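What follows is one structure encoded as structure tokens, with my remarks underneath.
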Amino acid sequence: MNTEEERAEIWLDSFKIEYGKKMRLYELASSPRILAERFSCYYEKAAAIVGEKTARKMADALRDSDDLAKLAETYKRKGITLVPYSSSLYPEDLRQIPEPPLVLYCKGDINLLRGRKFAIVGSRRTAQPIMKITERFAEELSKHFIIVSGMAEGGDTAAIQGALPSGRVISVLAYGFNYVYPECNRRLLERVAEKGLLISEYPPDTEPRAYLFPERNRIIAGICDGVLVVSGGEKSGTRITADLAVQYGRDVFAFPYSVGTASGAGCNAIIKEYAKLTDNLVDITDAFGINLTETDEISLTPAERAVYEALREGEAHLMEISERTGLKVHELPAILTLLEMKNMVVSCGGNKYAAIR
């Protein structure tokens, strides 16, 4: 059962009012509860902010006490839990950012709002080898953090897929739950609701709009202790998230890219400015005082184990690694990149590699 303060926040958030105007209403009184209790006193000022029509709807909703109860019941039937700003479940880190959401609309395990969180974000044009690396990073980091990302194709998808088996994953949406975007991630979105948590600051009937995605990024940056940027152009949503994270005092990490790689230009740019170059899990875990055990650090897939064992026999060219392991040559670059990031193999140039453990 929500408190009077929480119910007032839900009431205020239930109208289609842009964020800035909503906050101006919020500031008319010492709290939303006081605003709701004395709305007749504030009516003229409220109408000046949101217009006569909306102010009248707000007043009507207060007169009909059943309206909010019916709204809450509708959300409950749809599996939506509302976490208002004053709720004890509302993440404290998020409460401290300049423009915190008034209400979080949630689907899934709301207890995930309580845990330590780390964001992994990337662009839609994330290269396949980076996707695989991102999945592994998310899988490993989910042992220590709840992984947070968006729902876009590319880097976001890889982060979610990596963390999803643990159930320690949150996806922050830029639209209401009545919509799915992108459509290709419908099943992934459903799986996050089943095993992890979906959150949005928008009521269910809010459709996806381009301007909502940058707004959403402040939640990803604000709810986490740190952010890893795995890909992104110089002007991209991932850059917006990274810049906001720095403004909020969060640690920012980024994968480095070769010169001329457009999908990683944003990563290289923020490394120059403020982000920590990250090519190993330890770069992240050390920053948070987490000591990876030897077992954690060398957790390998069967294919990675096969390649590593082959290289322990001695330095080898890609063709020779393929012969030793039975893996196809085109499968090896992504596997070798992951092993390099775990400090287990090193490139010797000329498509030759060697084990370093």
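Just to confirm the filter: which GluC sites (Glu not before Pro) across region 1-68 are DSSP coil and have at most 11 other Cβ within 10 angstrom of their Cβ?
Here the sparse-neighbourhood loop sites are Glu18, Glu27.
Among the listed pairs Lys21/Lys70; Lys78/Lys143; Lys107/Lys143; Lys16/Lys117; Lys235/Lys342; Lys21/Lys143, give every one whose C-alpha distance is greater than 32 Å.
With Cα atoms farther than 32 Å apart: Lys21/Lys143.
Calculated from DSSP H runs of 4 or more alone, at -39500 (n - 2.57) each and per residue, what is the 222 nm mean residue ellipticity of the chain, nearest 500?
-13000 deg cm²/dmol
For region 302-355, rounded, prolate or oblate, judged on the Cα gyration tensor with a ≥ b ≥ c (square roots of eigenvalues), a/c < 1.5 rounded, else prolate if a/b > b/c?
Rounded.
Among Ile220, Ile17, Ile284, whose mean-square fluctuation peaks in a Gaussian network model of the chain (Cα, cutoff 10 Å)?
Ile17
So which chymotrypsin sites (Phe, Trp or Tyr not before Pro) in region 262-356 are both in a DSSP loop and have at most 14 other Cβ atoms within 10 Å of their Cβ?
Passing both the DSSP loop test and the Cβ count: Tyr274.
Could you identify which residue out of Glu309, Glu153, Glu135 has the top mean-square fluctuation in a GNM of the chain using Cα springs shorter than 10 Å?
Of Glu309, Glu153, Glu135, the Gaussian network model singles out Glu309 as fluctuating most.
So what is the relative contact order of the chain, in percent, for Cα pairs below 8 Å that sit 6 or more residues apart?
Working: 621 pairs, mean separation 42.0, N = 357.
Relative contact order for the chain comes out at 12 percent.
Could you calculate the contour length gain from Glu44 to Ser258, that is, 0.36 nm times the residue separation minus the distance between their Cα atoms, to one decimal place in nm? Walk me through the numbers before you get to the answer.
Numbers: separation 214, 0.36 × 214 = 77.04 nm, distance 5.90 nm.
Full extension from Glu44 to Ser258 adds 71.1 nm.
If amide hydrogens are placed 1.01 Å from N in the peptide plane, which non-local residues have theirs closer than 5 Å to the one on Ser299?
So Ser299 has HN proximity to no qualifying residue.
Which aspartates and glutamates, if any, have their Cα less than 20 Å from the Cα of Lys328, not counting same-chain residues under 8 positions apart?
Cross-link targets: Glu304, Glu309, Glu313, Glu315, Glu320, Glu340.
Hey, if we sort Met151, Met23 by accessible area with the 1.4 Å probe, largest down, what's the order?
Met23, Met151
Among Ala242, Ala127, Ala174, which one moves the most in a GNM of the chain with springs linking Cα atoms closer than 10 Å?
Ala127
In debye, nearest 20: dipole of region 1-49 around its Cα centre with unit charges on the Cβ of K, R (+) and D, E (-)?
On the way: 8 positive and 9 negative charges, 42 e Å.
I would put it at about 200 debye.
Please list, by residue number, every one of the trypsin sites (Lys or Arg not before Pro) in region 67-156 that is coil in DSSP and has at most 14 other beta-carbon atoms within 10 Å.
Working: sites: Lys70, Lys76, Arg77, Lys78, Arg95, Lys107, Arg114, Arg116, Lys117, Arg124, Arg125, Lys132, Arg136, Lys143; in loops: Lys78, Arg114, Arg116, Arg124, Arg125, Lys143.
For trypsin sites (Lys or Arg not before Pro) across region 67-156 that sit outside H, G, I, E and B with at most 14 neighbouring Cβ atoms in 10 Å, the list reads Lys78, Arg114, Arg116, Lys143.
Send over a whole-number figure in Å² for the accessible area per residue of the chain, probe 1.4 Å.
With all protein chains present, the chain gives 46 Å² per residue.
The values are calculated or read from the model by the stated rules, or taken from the named source; none is laboratory data. Keep in mind that what you see is a predicted model, and the values were worked out from it rather than measured. Note that we place each Cβ from the backbone using ideal geometry, even for glycine, and neighbour counts take in every protein chain shown. Ligands, DNA and RNA are stripped out before the accessible areas are found, and what is left, the full protein with its side chains, is counted by its heavy atoms. Shrake-Rupley method; radii C 1.70, N 1.55, O 1.52, S 1.80 Å.
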